[in-house]
Structures are given as C-alpha cells and as structure tokens.
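Contents: one structure, followed by commentary.
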Amino acid sequence: MSDILIVVQRFGDEVVGGSEGHARVVAARLARSHNVAIATTTAADYWTWAPFYPSGTSDLDGLRVHRFPVAEGRDPEFKAFESKVLSGEHTLADEDEWLRRQGPHCPELLDFLHWQGNDYDAVLFYTYIYEPTARGVPIVPERAALISTAHDEAPLRLAPYRALFQLPRAFGFLTPEERELVHRTFRNEHIPHETLGLGLDPPGAYDVAAFRSAHELVGPLVVYLGQVSEGKGCDELLAAWAASRDRPSARPATLVLAGTLRIEVPDRRDVIALGRIPDAEKYAALAAADALVLPSRFESLGIVLLEAWQVGTPVLVRADNPVTAGQVARSGGGLTYRDADGFGDALDRVIAARDAHGAAGRAWVERESSWDAFDARLAQLVALTAA
Amino acid sequence: MTNPSLMVVVQRYGDIAGGGAEPHARAVAQRLRPYFDVEVATTTARDYWTWANEFTAGQTVVDGIPVHRFAVERGRSRDFRLRERRAFSATHTLADERAFVEAQGPVAPDLLEHVHRRGRQVDHVLFFTYIYYPTVLGLPLAPERAVLVPTAHDEPAIRLAIYKPVFCAPRAIAFSTVEERAMVHRLFQNERVPNEIVGVGVDVPADRSAERFRQRYAIEGPYFLYVGRIVESKQCGQLFDAFARWQDSRGRRATLVLMGHREMPVPERADIRLLGRTSDEDKFDALAGCVALVQPSLLESLSIIALEAWGCGRPVICDARSPVVWGMTHRAGAGLAYRSAAEFAEIGEMLIARPQLASRLGAAGQSFVERTYTWSRVVETYLDLFAEVRARNA
C-alpha cells in the first residue's frame, strides 16, 4: 500500500472532461489498494477556471481532496495573446506568460507540493498543458508520473514544456499514438512508460426499442455521440454526410447527433439532432446504431469508440486522426475514411460488415479495457514511479 | 565533414580572476575546439559578486572561440543576504526560492533568449555550474541536448526545489569527482541521467624549481603551502589557528606560505608568509618544494590545486570533514586528514620527520592524477558523452 497523490486541474461531480474523467477513474481504482489523495483547484469550468468549489480539504467517494484557490483564471484576452505566442513575433518570457494566462494559476497548490509532496510515494500529474502540472512536476520529479494526455498541437512545442517532458520518473500514456508523439517530439524514450488506455464498467441493461420509439427513429441509424461542435469536426461530418446522400448508390439512413449543439444543424429529413441525451440512454443509442461515427481530428483517447464496441457496434473514424485510426487498426472494430468523397463508401462498407467489425471491437474491448487489465497497467505505472 | 556544434553556457568567461567553474569552462572549451564548432554564451560580468557589466555586450573572440556576451540586467541585489536567509529557512515558499536565484544574479534575460533560440540549432549545450541564473533558467530550455557540469558541493542552496530540474532534466552530467556524483545522486535520485566523472586535466610544467622559489621569496626550511582565496569560508582562520598552536607548542620549525588574494586578516608572525597573488611559475616552483599542500576548505567540488600538488609529486593535508577533498585524497592514498588542531600538528611533525613518507604519498597522488585527470582522458570522456547526446537526438 502506497501513498499516492493525484494532481489535476479540476476534480468533482460537476467536472466534464476527458483527462479529468480519466483522473477520476484512476483515483477510484487506485484507492482500492492504496491511500489516494487529490490536489486540485476550486474550479469546475475549464475555460474561466472561476471558483466553484470551496477551498480546503474535503472528502469525495472516500478520497481526500485538497482544493487550492485559483489566484488567476484564464485571461479574458487569452485568445489574442495565444495567437501572438503561437504564430507571431514573441519573446521567451511571453511563452511563460502564456502558461500563466491560460490558467488556472494556483500558487498554493504548488507550495503544497513543495511542502508535502515528499509525504507521497508517487505523484500522478494529469494533463501536461496546464500550470499545476507544468510547474508541479519540476517540484517533485523524483516521484512524478506524467499522464500527459498530449496531442499534436502547437503549444506542445512551447518553452514551458521542454524540460517538463524530461523530468518525470515515468509516463502514463493513453494510447500508443500519444506515446509515439511524445517520443518523437522530446526524444525521451529512455523514461519508463506505460500505455494505460482505460477500463470500463460493463454496459448493463439497455433498451434499443425504447430508445428508437422515444425519439421516433426508424431504419438504419448512423450515430454521433458527443459535443456537436466544429472543434469535434461535426461541420465536416455534416458536409460529408450530405455529399454521401447524393450518391446514386446511397441507401437510406439517418444521422443521429446525440450531444450538446454548438453549431447549426442543417434542416434535412435524414439528420436528427437529439441534443444531450441522458447517460442512461447512452448504450441504447450506441446499440441502436448501425455504425458510430467519430469525425474529430484531435483526440487523446476515443472513449466513445470503446463504448460502441462494448455493445458490438462498429465505428467509422478519420484516417488522419492518428489516435482514433490507431484504435480502429488495433481492434478491427471499424474503418477509416480520408475525406468527404470517401466517407459514403466507407460507411457502406462498415455497415455491410457490421457484425464482423462489431464482434472484433467487442472482443478487443473486453480484453483491453477490462478492469483487471487496466488495474495491472496502473499498478505497473505506480511501480515505475514510486520513489 | 563539418564538426558537430557545441555551445558553452557559463556566467562569466574570459580574462577574469580566480579559480572555479569559469577557468574550468574556458579550459574545456579550448580543449574541445579541435572536435567541435565551439561557441560561448555568457554575460558581461567580470566580478562574481556584483556581476557589474564590465565587458562589452555583443560578439567577441577569446582564444579563437566566438563569445556572445549578454548584458546583466540585475547583478547581485543589495538584499541578497535577506533573500538567501528566507530561501534557506525551513518554511520558505517557491516564490522565496525564485527570489533568491534572482537576487543572487546575474539576471540576464537576453542570454536566456539566446539559449532558447540558438540552443535548438546546435548539437550540444554545455552548462557550467548548477547554481546561477543562466543555468537554472537556461538548461530547461534545451534539456535534450544539455550536458551539465554541476561543480556542486554540499551547501544549503543545492537543497532548494528550484534546482531539481537542473539535475533531473539534462541529457547527461559531467561530474568532477565520484564524491560529487554520490552527493548529487543522494539529493536528487537522478541516477537515470547518464553521467561520467570528467573533471579537468592537470598541466604541470616540467620546469619547476623549489630553489628558484626559495631564493625569490627568501624562504628557508620546511614549508607548507596554501594556494587560493584567503577567506573564512575556505576555513583559512582555522588553518592559521592550528598552524600557530603547533608552532607555539615548540614543534619543529616550519613556515606556512600563503598564495592568493587576501580577504580576511592574516596573523602577523614570521612563520606565516603572505605572498599575495603570484605567477603560475611561482606556484609550481612553490609546489615542487613544499612538504605538503594544505587544503582546509570543506566546500570544494574539485580541488584543482590539490590535483596540481599531486601532479608535482607532493602530498595533500586536508580537513577530514571535507567530503570531496578527503574522499579524493583517501582514494588516491596521497595525503593525510586532520580532525583537530592537535592532529594537524601531528601530521606536520610526521611529514617533516619522514620525508620519504611524504614523497611516497606524493607519488601516489601523481599516479592518481595521471590515471584520472589528464586532458586526453577528459577530452575522450566528453567526446563519448556528446556522441551519446547526438545519438539520442538523431
């Protein structure tokens, strides 16, 4: 039994986010065999970092959570400053300034690491990009694991991260693609690492017929599950969908968008936007689909792909997203498409081979994302890290 | 085929007084010149305390090597001692540590900007001395091609958290002694960083004459030699006390010869001779004829003067509490250590009474230096370290 601290920019029931969600799962799994505490901020919102939780120590699901006040949230002028730093004339000092203006600037969390970091055998840091990690790892490098959740983006090359990626005792990567990106960028192959992926609870009971009738859905369904935004590539998905429908060979199907709408959805009979659906309906929506489509270019781990495979639904992803394309290549649970022109054919093919792709995906996820497999990878990361 | 490129980063460079990391950097840069396109990035400071801008900022050439000097924006701050005290207190904050590093100086942001931009265009960056601003803030800008020469000894500063990245992020570390390496590994648990014991080569001129020295300074009889800054922090006060007590207790007559800049009072007595700063010729002549070199300092990362004494075949007397000097002396079998003034006197008596013993210890030192601290070995080790850096980044 070790004492483990997890440092993450946000933590709590109200927090929605990929890396924060991963941190929450890891905390819960590790707490089964270790003393786990969390060091985080008072923020719940990843953009403003506005104080939401009270500062101080509290208890969440049996975990001790130390929350430190956000001294400065995100600078309202952050976007303008960022574009200067990423693509304009700027100084070295600007790059450090960029990190601080991004927020959450939380000096008390860093002093906590300075004073009490030595009390822990291992300190797991989440998300390379934010200040608590970028400035926190250098305080306790001898016991730090960095779960970088990196993808190929311009900030990864900024000055504050150059040493960060040389310092930790070990890395936890979400996917092999992330591992290769980090090794290629920082030439730090010598630092021990473990590729964690994710563990998942079994889907439990779900009712496809009830889902279809509740939303008046008939015929073949192509489902997108997640925030409906440009950032997630949904504008391109809608364009590709429209082009694919115009082909003479097109078979009737409906595109179902399940998630918060951030862009305008064209008014057509074969596109239905449900808005955000309750968690209880998630697996029913996935099981109802002939295929799940995930059009995003950037992803640290396509969790929704794993969930689709849990219910035997194949997936269609972009060929130029290395992470999701890699997941599909490893599992055999779907196909990729290069562009809008290739989208329709790829969709036809994945639906035609639905059972085979779905079964391959299910077998893969049962093997790789079982709790036993995930816990073993996590234990390896802790063993590599503990000072 | 062009040579690989090497940037040397050090807080001062060129014609500056004193020993330590800066002449070390200069000597290494010169020796590596045949194998690399060497360039130096440094500040305009000449004085290690004030860091006042004395050299002209810009590009110049020293010993045929291009040197870029960057202006010191802030030298050592007037409240340095206060900042130091705060940073060394048990309950200090990270902000206190940062304030200490800046108060210590030399704050030279343009130098960092240069390391940031130029650092990723060269094959290797060699940083000298862990403690100052240029290395603390510069090394993290080019860690994947950085080799650190820490020249570290055990002192309060090295325990600050701000130094952890300096020791954990570089691609390789060139230690000066096995004792320095053991201390750094103990403090930082950074055994993963590839490293070698490198140090410097010791050049001892063949022409050295004890007689010339005795005549020039009118010194007769057995004498012990101290070379270096004459300051309290190098335990010179204790040395004077121990020597005076020995001589005053009717010991064998001997003289203590001091070479170096005096920064503290020296007892006025006939058997303590202060010569001030001297030429290299005088230094080696004096080493050739001394009973032993005395190195009382506790805080050394590598005592070059001890290596030079051994190079001249003379033994070293040191303080048993000095981890590096006594560690090296003990490993080399090339001298004796004292724990008290009484032991100092005993050692002095013994070495005067038994000149063969002194010569035997000195000869052991000479072979230790030839095994470890020769330029051919130093250069070879650097070539290996740098080849590893290039292989990793290829």
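Any read-out appearing in this document is the output of simple, stated calculations on the displayed coordinates, not a laboratory observation. Everything quoted here is computed from the prediction, not taken from an experiment. In this analysis, Cβ positions are derived from the backbone assuming ideal geometry, glycine residues included, and neighbour counts consider all displayed protein chains.
Points to keep in mind about this one:
- Summed side-chain charge close to A:GLY358 - residues other than A:GLY358 whose Cβ falls under 14 Å, Lys, Arg +1, Asp, Glu -1: -1
- Unit Cα scatterers, Debye sum, region A:1-139: log10 I(q)/I(0) for q = 0.14, 0.15, 0.22 Å⁻¹: -0.63, -0.71, -1.36
- Per DSSP, loop GluC sites (Glu not before Pro) in region A:83-145 with at most 11 further Cβ within 10 Å: A:GLU89
- Computed from Cα positions, the angle between helix B:21-32 and the longest principal axis of chain B comes to roughly 70 degrees.
- Working from the Cα coordinates of region A:195-289, the gyration tensor eigenvalues give, after taking √(5λ), semi-axes of 23, 18, 13 Å in decreasing order.
- Sequence of A:VAL218, A:VAL223, B:VAL200 once ranked by neighbouring C-beta atoms within 10 Å, starting from the fewest: A:VAL218, B:VAL200, A:VAL223
- Tensor-based shape of region A:68-116 (alpha-carbon gyration tensor, a/c under 1.5 rounded, otherwise prolate or oblate): oblate
- For region B:208-326, a/c is less than 1.5, where a ≥ b ≥ c are the root eigenvalues of the C-alpha gyration tensor. That puts it in the rounded class.
- Cβ-placed point charges (K, R +1; D, E -1), dipole of the protein assembly as shown about Cα centre in debye, nearest 20: 1920 debye
- Each of A:TRP115, A:TRP47, A:TRP309, B:TRP326 was scored by other Cβ atoms within 10 Å of its Cβ. Arranged with the fewest first, they read A:TRP47, A:TRP115, B:TRP326, A:TRP309.
- Candidate cross-link partners of A:LYS282 among the lysines, defined by an alpha-carbon separation under 24 Å and a same-chain spacing of 8 or more, comprise A:LYS232.
- Helix-only [θ]222 nm of chain B, DSSP H runs n ≥ 4, -39500 (n - 2.57) each, per residue, nearest 500: -12500 deg cm²/dmol
- Long-range tail of P(r) for region A:229-387 (Cα pairs > 24 Å, %): 36 percent
- Principal-axis tilt of helix B:109-118 within chain B, Cα atoms, nearest 10 degrees: 70 degrees
- Shape of chain B, Cα gyration tensor, a/c cut at 1.5: prolate
- Sites matching GluC sites (Glu not before Pro) across region A:232-309 that sit in DSSP coil, with at most 16 neighbouring C-beta atoms within 10 Å: A:GLU264
- When chain A is treated as a GNM with alpha-carbon contacts under 10 Å, the residue of A:SER148, A:SER296, A:SER87 showing the greatest mean-square fluctuation is A:SER87.
- The GNM of chain B, with springs linking C-alpha atoms under 10 angstrom apart, assigns the highest mean-square fluctuation among B:SER77, B:SER176, B:SER249 to B:SER249.
- For region A:196-247, the Cα gyration tensor yields ellipsoid semi-axes of 25, 21, 10 Å (square root of five times each eigenvalue, largest first, whole Å).
- Euclidean distance between Cα centres, region B:64-143 to region B:239-259, Å: 42 Å
- Dipole of the protein assembly as shown computed with +1 at Lys/Arg Cβ and -1 at Asp/Glu Cβ about the Cα centre; of B:ALA21, A:ILE139, B:MET7, farthest Cα towards the positive end is B:ALA21.
- GNM top mover of B:LEU112, B:LEU361, B:LEU160 - chain B, alpha-carbon springs below 10 Å: B:LEU160
- When both region B:322-394 and region B:210-237 are represented by their alpha-carbon centers, they are found 20 Å apart.
- Checked against a 22 Å cut-off, the cross-linked pairs A:LYS79/B:LYS164; B:LYS164/B:LYS234; B:LYS234/B:LYS283 give Cα-Cα distances beyond that limit for A:LYS79/B:LYS164; B:LYS164/B:LYS234.
- Each part reduced to its alpha carbon centroid, region A:234-273 and region A:146-208 end up 33 Å apart.
- For region B:1-103, the mean projected area of the C-alpha convex hull, equal to one quarter of the hull surface, is 8.1 nm².
- Diffusion coefficient, µm² s⁻¹, Stokes-Einstein with Kirkwood Rh over alpha-carbon pairs of chain A at 37 °C and 0.692 mPa s: 149 µm²/s
- Ordered by the number of other Cβ atoms lying within 10 Å of each residue's own Cβ, fewest first, B:PHE100, B:PHE243, B:PHE80 fall into the sequence B:PHE80, B:PHE100, B:PHE243.
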